[in-house]
Each structure stands twice: as C-alpha cells, then as structure tokens.
Amino acid sequence: MIPLAPAGIAGVALVRLVQGGEGIGVIAAGAVPIASIVAAALAGFGIWYTLLAAMFLQRYRRLGPLPFHPGWWGFTFPLGAMGVALALQAEVWGAVSAGYLGAAYLAALLVAWSVVATHSIRAVRS
C-alpha cells in the first residue's frame, strides 16, 4: 500500500503549490488545469495500485490469517493520502464520482485504522 502515499500526496502538493503560485502572481494564470491533469494521472496510478495491492492481500489471506506486525500501520497513511487526493480532484474538476471514491478511501482508512489499532492494543497487552 505504500506507493499510494506518494501518488496521492504528490498530486495534492502540486495542485496546491500551483494554486498558491497563481494567487501571488509567481505562476502564470491557467496552470492549475495542467497541474490537475498530472494530479489526476497520479491518482489514477494510485487507484490501479490499490486494485493490485488488494489482489495480493486477498491471495495472502487465502493462505491463512496475516500475522500482526507493527508495519500494518503502513496501511493507514496511504489510504488517507488517496482519499485527500481524490477529494481534491472532485473539488478541482467538479467530479462527484471522484468525491465518492475519495470518501470510500477515507472509509477504508477508518476501517484499517480501527483494525490496526485493535491489534496494536492487543499486542501491547500481551
């Protein structure tokens, strides 16, 4: 799941940087749509990678339960990054479907965070 984080955050950072640059006159007007296209491509990669990672996770789960490891926290930030990136795409493009997909990523973040937190608490207690 780790590659989702740069895919999401790089797009958010690029669009926000260009928006700020336009706001103070450092970047030419009209650059936001170009930055948004790059951000959309990065988000598309993140969606593709999510599907790939889900297939791998499903394959590993068929072999038995995944043993807990503190590295499971690596599932949380990437999901949040993609949720924020897709919410930004919804804002910039006015794409309602991107907003729904971003909300799905953020819901997955809450589920992942809850599962990992529960396992972490159990590990600390034992």
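The values are calculated or read from the model by the stated rules, or taken from the named source; none is laboratory data. Note that the structure is a prediction, hence the values are computed from the model and not measured. Neighbour counts are summed over all protein chains in view; Cβ atoms, including those assigned to glycine, are modelled from backbone coordinates with ideal geometry. Accessible surface areas use protein heavy atoms only, side chains included; no ligands, DNA or RNA. Shrake-Rupley method; radii C 1.70, N 1.55, O 1.52, S 1.80 Å.
Residues 19, 89: which one is buried (at least 18 other Cβ atoms within 10 Å of the Cβ) and farther than 27 Å from residue 118 by Cα?
When all the criteria are applied, what remains is 89.
Do we find a residue being crowded, with 16+ Cβ neighbours inside 10 Å and assigned to a helix (DSSP H, G or I) anywhere in the range 62-70? Among the residues of the range 62-70, not one is crowded, with 16+ Cβ neighbours inside 10 Å and assigned to a helix (DSSP H, G or I), which makes the answer no. Being without any contact (Cβ under 8 Å) to a residue 60 or more places away in the chain, aromatic (Phe, Trp, Tyr) and farther than 18 Å from residue 86 by Cβ is a property that residue 56 has. Residue check: residue 26 meets all listed conditions (1) surrounded by fewer than 14 Cβ atoms within 10 Å (Cβ to Cβ); (2) part of a helix (DSSP H, G or I); (3) among the hydrophobic types (A, V, I, L, M, F, W, C) but one, namely (2). Inspect all residues belonging to the range 51-66 and state whether any of them is under 23 Å from residue 89 (Cα atoms) and either in contact with a Gly (Cβ under 7 Å, 6 or more places away or on another chain) or acidic (Asp, Glu) (or both). Within the range 51-66 (the criterion being under 23 Å from residue 89 (Cα atoms) and either in contact with a Gly (Cβ under 7 Å, 6 or more places away or on another chain) or acidic (Asp, Glu) (or both)), the answer is no, since none of the residues qualifies. Of all residues in the range 29-47, those being open to solvent by 70 Å² or more (accessible area, probe 1.4 Å), more than 12 Å from residue 8 (Cα to Cα) and modelled with pLDDT of 90 or more number 2. Here residue 83 meets the list (1) among the small types (Gly, Ala, Ser); (2) out of contact with any helix residue (DSSP H, G or I) (no Cβ under 7 Å at 6 or more places or on another chain); (3) touching a residue at least 24 places away in the same chain (Cβ under 8 Å) almost entirely, failing just condition (2).
Only a single item in (1) exposed (fewer than 10 other Cβ atoms within 10 Å of the Cβ); (2) out of contact with any Asp or Glu (no Cβ under 9 Å at 6 or more places or on another chain) is not met by residue 52, and it is number (1).
Only one of the numbered conditions (1) over 20 Å from residue 107 (Cα atoms); (2) open to solvent by 40 Å² or more (accessible area, probe 1.4 Å) is violated by residue 84, and that is (1).
Taking each residue of the range 64-77 that is among the polar types (S, T, N, Q) and looking for partners that are open to solvent by less than 60 Å² (accessible area, probe 1.4 Å) with beta-carbon atoms closer than 8 Å, six or more apart or interchain, yields 76/109; 76/112; 76/116.
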